[in-house]
Protein chains: 2
Amino acid sequence: MNIIANVYRGGAVESSHSGHVAVVDVEGRLRYFYGDPYRMTYGRSVMKPIQAIPVITTGTAERFALDEADLALCCGSHSGDPRHRARVYDMLRRAGQKEAVLQCGTHVPRDTESYHRLIREQKPLTPVYSNCSGKHAGMVATAVHMGEDLATYHLLDHPVQRRILDMVAEMTRYPRKRISIGVDGCSVPAHRLPLFHLAWAYARLAAPRSISPGYVREAAVRIANAMTAQPEMVAGRGRYCTDLMEAFGGRIIGKLGAEAVYCVADREWGLGIAVKIEDGAERVLYTVVNEVLRQLRIGTDGALDRLAKYTAPDVKNMSGKAVGQIQADFMLRLAERKR
Amino acid sequence: MNIIANVYRGGAVESSHSGHVAVVDVEGRLRYFYGDPYRMTYGRSVMKPIQAIPVITTGTAERFALDEADLALCCGSHSGDPRHRARVYDMLRRAGQKEAVLQCGTHVPRDTESYHRLIREQKPLTPVYSNCSGKHAGMVATAVHMGEDLATYHLLDHPVQRRILDMVAEMTRYPRKRISIGVDGCSVPAHRLPLFHLAWAYARLAAPRSISPGYVREAAVRIANAMTAQPEMVAGRGRYCTDLMEAFGGRIIGKLGAEAVYCVADREWGLGIAVKIEDGAERVLYTVVNEVLRQLRIGTDGALDRLAKYTAPDVKNMSGKAVGQIQADFMLRLAERKR
């Protein structure tokens with residue numbers, strides 16, 4: 001079953017979640033795992049830091065003066081709070097574009113206050129509220145800079161998406177022709193590949209010395225630095241990605257993907273970690289990531305204490321009382337070295 | 001793994017869900033199953049029809065002139081739409097009580113229009129919006145009728161909950177002392193017992209001839225009739241329980257429980273069905289129930305056609321386009337007869 005976390009009510013398991021973990025070093029060695037470390041996995045938004053690299057390598061970031069906060073937002077699944085939205089508008093303005101160019105669609109944002117304001121003012125949700133609007137603003141800016149079609153930047157055959165697919169293959173070290181493609185929630189290509197290769201890409205983000213050519217390596221370093229310098233742009237206040245990167249003060253890069261994927265880059269040890277909850281349940285994902293870090297002794301000297309609210313969160317009833325708990329329940333296995 | 005349903009993106013599985021099914025007849029014989037039909041399971045709101053029986057057996061329904069719609073609402077996990085709320089208020093008024101007596105807490109209701117109206121008018125969510133407020137109104141009315149304490153009607157030691165625990169043991173044919181108790185989302189006791197026994201209780205609801213004494217049998221028949229006569233009170237417009245009971249025109253009683261439990265009573269064949277998705281994901285539950293019915297050839301002559309939107313629902317992206325699909329993927333197994 002590969003049970004990775006249980007949801008308790010009272011003293012008894014009510015529901016349980018299976019999952020998979022791959023811990024990979026920069027040389028592409030599997031170091032630890034749980035479940036199936038090669039599970040074929042749509043990376044979803046854990047791909048955003050990779051999708052953002054061409055924003056730099058094409059010269060787009062320089063052309064439109066994108067700073068660290070802008071680049072972090074290109075890598076982010078943001079909460080749609082006023083700062084996120086203002087920055088997306090500003091990136092579009094610098095690229096000479098308006099919100100209507102965004103092909104991401106929209107959804108109820110995590111920032112409840114912003115959503116309630118819309119309802120009170122009887123205004124519709126618009127694409128800027130999509131958690132992916134920063135990524136899309138980066139794609140639009142790239143197409144503008146490169147003189148490419150703006151109406152189709154989200155489609156697989158467009159140069160924006162072709163550059164990204166090349167970069168995914170390069171960063172994950174997985175053959176481009178073996179990457180299968182679906183359509184993501186925000187209408188761009190979603191890349192499916194083994195969990196191991198998602199972890200490897202994050203190991204390379206953690207220890208970019210292995211990335212070549214040099215201008216790609218430098219872009220990857222800028223992306224990594226932008227995310228740890230501006231963690232609120234990657235998610236939002238009170239959310240795991242933001243809290244994780246703040247707690248580790250630059251050591252760790254963390255990114256959520258839909259359907260409960262999570263990737264971590266540990267810049268101190270040069271490790272990449274990828275987690276997939278089999279059923280796609282985000283509710284146990286952060287508890288599992290915290291437990292992976294604990295078992296690897298990453299942050300056990302203090303940083304994980306600052307993430308304690310994610311370690312074994314209460315299940316609460318509708319009166320706000322604790323009636324159960326979410327608990328991680330797995331042990332990483334040491335991978336055997338190939339001879 | 002007991003995979004019961006897969007979530008596809010493009011042509012590939014993105015996430016998968018495990019689960020369990022028990023199909024039991026009124027004599028308590030397991031007829032078909034999938035996964036572990038004895039999985040220990042908190043019934044959550046599938047217990048509501050059983051929890052409502054004492055509203056009748058105590059004379060409360062007669063005292064306060066509760067009609068079929070009221071009784072269906074006592075069994076319901078309603079959407080919090082204006083009709084549901086008005087009826088809860090009216091039940092409380094007849095029992096001489098006000099909303100503040102309800103101990104269910106509250107949550108965002110499924111009826112988005114009602115919720116948005118609250119936000120526009122800057123009013124708080126109150127207990128009547130809880131999907132359990134009908135059940136709680138029935139419990140309060142029972143305590144009033146019996147002259148019992150009103151502040152503690154939700155606690156395990158209160159006579160209201162003691163009568164319910166007796167009725168759960170009686171209807172499920174599971175020893176009262178082996179039922180373990182948690183606290184439900186709405187603060188009343190949550191009963192945990194084997195999935196098989198949840199199915200058996202629904203078989204008895206489907207074919208009440210096996211229930212004794214006669215006044216309990218008559219109450220069970222009234223509950224079953226109320227639910228099929230007033231399916232909108234059991235859930236709400238556009239929801240599975242309501243659509244299922246309408247599609248079958250009185251043959252089928254169906255009830256959702258939190259953490260992805262579902263029970264069905266088939267009054268034609270005298271069968272009870274209980275389903276639990278291991279990870280608690282409601283998103284695949286109705287697809288699985290439809291597939292159980294199809295494999296049992298219940299409704300294959302037409303009723304299931306009217307539930308087609310639940311059979312293999314699209315996964316849509318944020319622009320509303322289909323990018324995947326949810327599919328049931330299991331075969332019920334015939335249980336061996338005990339010799």
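From the list A:His197, A:His158, A:His191, exactly one residue is in contact with a Ser or Thr (Cβ under 9 Å, 6 or more places away or on another chain), within 25 Å of A:Asp70 (Cβ to Cβ) and more than 14 Å from chain B (Cβ to nearest Cβ). Which is it?
Going through A:His197, A:His158, A:His191 in turn, just one is in contact with a Ser or Thr (Cβ under 9 Å, 6 or more places away or on another chain), within 25 Å of A:Asp70 (Cβ to Cβ) and more than 14 Å from chain B (Cβ to nearest Cβ): A:His158.
Does A:Glu268 count as modelled with pLDDT of 95 or more and more than 14 Å from the chain's Cα centre (by Cα)?
Judged against the criteria, A:Glu268 is a match.
What are the pairs, 6+ residues apart or on separate chains, where a residue within the range A:118-139 that is at the interface with chain B (Cβ under 10 Å from one of its Cβ atoms) and touching a residue at least 60 places away in the same chain (Cβ under 8 Å) has its Cβ under 6 Å from a residue that is of a type in the set (Ser, Thr, Tyr) and part of a loop (DSSP other than H, G, I, E, B)?
Qualifying pairs under 6 Å: A:Asn131/A:Ser77.
Find the residue count for the range B:79-100, including only residues that are within 14 Å of chain A (Cβ to nearest Cβ) and crowded, with 17+ Cβ neighbours inside 10 Å.
1
State all residues of the range A:161-188 that are in contact (Cβ under 8 Å) with a residue 40 or more places away in the chain, more than 14 Å from chain B (Cβ to nearest Cβ) and touching a strand residue (DSSP E or B) at 6+ places or on another chain (Cβ under 8 Å); if no residue qualifies, say none.
The answer is A:Ile164, A:Val168, A:Thr172.
Identify, please: which residue in the range A:229-261 is in a strand (DSSP E or B) and either modelled with pLDDT under 95 or within 14 Å of chain B (Cβ to nearest Cβ) (or both) and is, among those, surrounded by the most Cβ atoms within 10 Å (Cβ to Cβ)?
Per the criteria, the residue is A:Val261.
If I filter the range A:55-66 for residues that are in contact with a Ser or Thr (Cβ under 6 Å, 6 or more places away or on another chain) and either within 14 Å of chain B (Cβ to nearest Cβ) or modelled with pLDDT under 95 (or both), do I get at least one hit?
No, there is no match, as no residue in the range A:55-66 is in contact with a Ser or Thr (Cβ under 6 Å, 6 or more places away or on another chain) and either within 14 Å of chain B (Cβ to nearest Cβ) or modelled with pLDDT under 95 (or both).
Tell me the residue from B:Val24, B:Val46 that is under 19 Å from B:Phe196 (Cβ atoms), assigned to a strand (DSSP E or B) and under 19 Å from the mean Cα position of the chain (by Cα), please.
The conditions single out B:Val24.
Condition test on B:Gly76, is it surrounded by 18 or more Cβ atoms within 10 Å (Cβ to Cβ) and either farther than 23 Å from B:Thr152 by Cα or hydroxyl-bearing (Ser, Thr, Tyr) (or both)?
So B:Gly76 fails the test.
Any residue that is of a type outside the set (A, V, I, L, M), more than 15 Å from the chain's Cα centre (by Cα), in a helix (DSSP H, G or I) and surrounded by fewer than 17 Cβ atoms within 10 Å (Cβ to Cβ) - is there at least one of those in the range B:167-174?
No, there is no match, as no residue in the range B:167-174 is of a type outside the set (A, V, I, L, M), more than 15 Å from the chain's Cα centre (by Cα), in a helix (DSSP H, G or I) and surrounded by fewer than 17 Cβ atoms within 10 Å (Cβ to Cβ).
In the list B:Ile326, B:Ile298, which residue meets the criterion of being on the phi < 0 side of the Ramachandran plot, in contact with a strand residue (DSSP E or B) (Cβ under 9 Å, 6 or more places away or on another chain) and in a loop (DSSP other than H, G, I, E, B)?
Going through B:Ile326, B:Ile298 in turn, just one is on the phi < 0 side of the Ramachandran plot, in contact with a strand residue (DSSP E or B) (Cβ under 9 Å, 6 or more places away or on another chain) and in a loop (DSSP other than H, G, I, E, B): B:Ile298.
Select, from A:Arg204, A:Arg306, A:Arg209, the only residue that is closer than 29 Å to A:Thr60 by Cα, part of a helix (DSSP H, G or I) and touching a helix residue (DSSP H, G or I) at 6+ places or on another chain (Cβ under 6 Å).
None of the others qualify; the one that does is A:Arg204.
Identify, from the list A:Ala207, A:Ala226, A:Ala220, the residue that is touching a Cys at 6+ places or on another chain (Cβ under 8 Å), of a type in the set (A, V, I, L, M) and more than 14 Å from every other protein chain (Cβ to nearest Cβ).
Exactly one of A:Ala207, A:Ala226, A:Ala220 is touching a Cys at 6+ places or on another chain (Cβ under 8 Å), of a type in the set (A, V, I, L, M) and more than 14 Å from every other protein chain (Cβ to nearest Cβ), namely A:Ala226.
Filter the range A:278-306 for residues that are surrounded by fewer than 20 Cβ atoms within 10 Å (Cβ to Cβ) and more than 23 Å from A:Leu195 (Cα to Cα) and give the result.
Answer for the range A:278-306, where residues must be surrounded by fewer than 20 Cβ atoms within 10 Å (Cβ to Cβ) and more than 23 Å from A:Leu195 (Cα to Cα): A:Thr300, A:Asp301, A:Gly302, A:Ala303, A:Asp305, A:Arg306.
It is to be established whether one or more residues within the range A:201-211 are at pLDDT below 95 and of a type in the set (Ser, Thr, Tyr).
Yes, the range A:201-211 has at least one match.
Name the pairs: first residue in the range B:71-82 and at negative phi, second residue of a type in the set (Lys, Arg), Cβ to Cβ under 6 Å, at least 6 apart or on different chains?
The qualifying pairs are B:Leu73/B:Arg87; B:Cys74/B:Lys135; B:Cys75/B:Lys48; B:Ser79/B:Arg110.
Regarding A:Ala265, is this residue outside any loop (DSSP other than H, G, I, E, B), surrounded by 24 or more Cβ atoms within 10 Å (Cβ to Cβ), among the small types (Gly, Ala, Ser) and in contact with a helix residue (DSSP H, G or I) (Cβ under 8 Å, 6 or more places away or on another chain)?
Considered against the rule, which asks whether it is outside any loop (DSSP other than H, G, I, E, B), surrounded by 24 or more Cβ atoms within 10 Å (Cβ to Cβ), among the small types (Gly, Ala, Ser) and in contact with a helix residue (DSSP H, G or I) (Cβ under 8 Å, 6 or more places away or on another chain), A:Ala265 comes out as yes.
Which one of these is out of contact with any Gly (no Cβ under 8 Å at 6 or more places or on another chain), of a type in the set (A, V, I, L, M) and surrounded by 19 or more Cβ atoms within 10 Å (Cβ to Cβ): B:Ala199, B:Ala224, B:Ala190, B:Ala203?
Step by step, each of B:Ala199, B:Ala224, B:Ala190, B:Ala203 is checked, and only B:Ala224 is out of contact with any Gly (no Cβ under 8 Å at 6 or more places or on another chain), of a type in the set (A, V, I, L, M) and surrounded by 19 or more Cβ atoms within 10 Å (Cβ to Cβ).
Does at least one position in the range B:108-128 carry a residue that is among the acidic types (Asp, Glu), surrounded by fewer than 22 Cβ atoms within 10 Å (Cβ to Cβ) and farther than 22 Å from B:Ala72 by Cβ?
Checked against the condition, which is being among the acidic types (Asp, Glu), surrounded by fewer than 22 Cβ atoms within 10 Å (Cβ to Cβ) and farther than 22 Å from B:Ala72 by Cβ, the range B:108-128 yields at least one hit.
Let me confirm something: among B:Ala86, B:Ala95, B:Ala52, which residue is within 29 Å of B:Ala201 (Cα to Cα), modelled with pLDDT of 95 or more and not aromatic (Phe, Trp, Tyr)?
B:Ala52
If the requirement is being buried (at least 23 other Cβ atoms within 10 Å of the Cβ) and among the β-branched types (Val, Ile, Thr), which of these qualifies: A:Val275, A:Val323?
It is A:Val275.
Among the residues of the range B:133-166, write down those that are in a helix (DSSP H, G or I) and of a type in the set (A, V, I, L, M, F, W, C).
B:Ala137, B:Met139, B:Val140, B:Ala141, B:Ala143, B:Val144, B:Met146, B:Val160, B:Ile164, B:Leu165
Would you check which residues across the range A:27-43 are closer than 23 Å to B:Val7 by Cβ, more than 14 Å from chain B (Cβ to nearest Cβ) and in a strand (DSSP E or B) and list them?
The one that is closer than 23 Å to B:Val7 by Cβ, more than 14 Å from chain B (Cβ to nearest Cβ) and in a strand (DSSP E or B): A:Tyr34.
Which pairs have Cβ atoms under 9 Å, sit 6 or more apart or on different chains, and link a residue in the range B:3-20 that is touching a residue at least 40 places away in the same chain (Cβ under 8 Å) and within 7 Å of chain A (Cβ to nearest Cβ) to one that is aromatic (Phe, Trp, Tyr) and surrounded by 19 or more Cβ atoms within 10 Å (Cβ to Cβ)?
Taking only residues 6 or more apart or on different chains, the pairs are B:Arg9/A:Tyr42; B:Gly10/A:Tyr42; B:Glu14/A:Tyr42; B:Glu14/B:Tyr8.
Among the hydrophobic types (A, V, I, L, M, F, W, C) and under 21 Å from the mean Cα position of the chain (by Cα) - does that describe any residue in the range A:112-130?
Yes: one or more hits.
Of the numbered conditions (1) within 14 Å of another protein chain (Cβ to nearest Cβ); (2) in a strand (DSSP E or B); (3) over 21 Å from A:Tyr38 (Cβ atoms); (4) of a type in the set (A, V, I, L, M), A:Val275 satisfies every one except a single condition; which is it?
Tallying (1) within 14 Å of another protein chain (Cβ to nearest Cβ); (2) in a strand (DSSP E or B); (3) over 21 Å from A:Tyr38 (Cβ atoms); (4) of a type in the set (A, V, I, L, M), A:Val275 fails exactly one: (3).
Hey, could you check the range B:278-295 for residues that are among the acidic types (Asp, Glu) and not in a helix (DSSP H, G or I) and say which is nearest to the other protein chains (Cβ to nearest Cβ)?
Among those that are among the acidic types (Asp, Glu) and not in a helix (DSSP H, G or I), it is B:Asp279.
The values are calculated or read from the model by the stated rules, or taken from the named source; none is laboratory data. It should be emphasised that the depicted structure is a prediction, and the values quoted were computed from it without experimental measurement. Cβ: placed from backbone, ideal geometry, glycine included. Neighbour counts: every protein chain shown.
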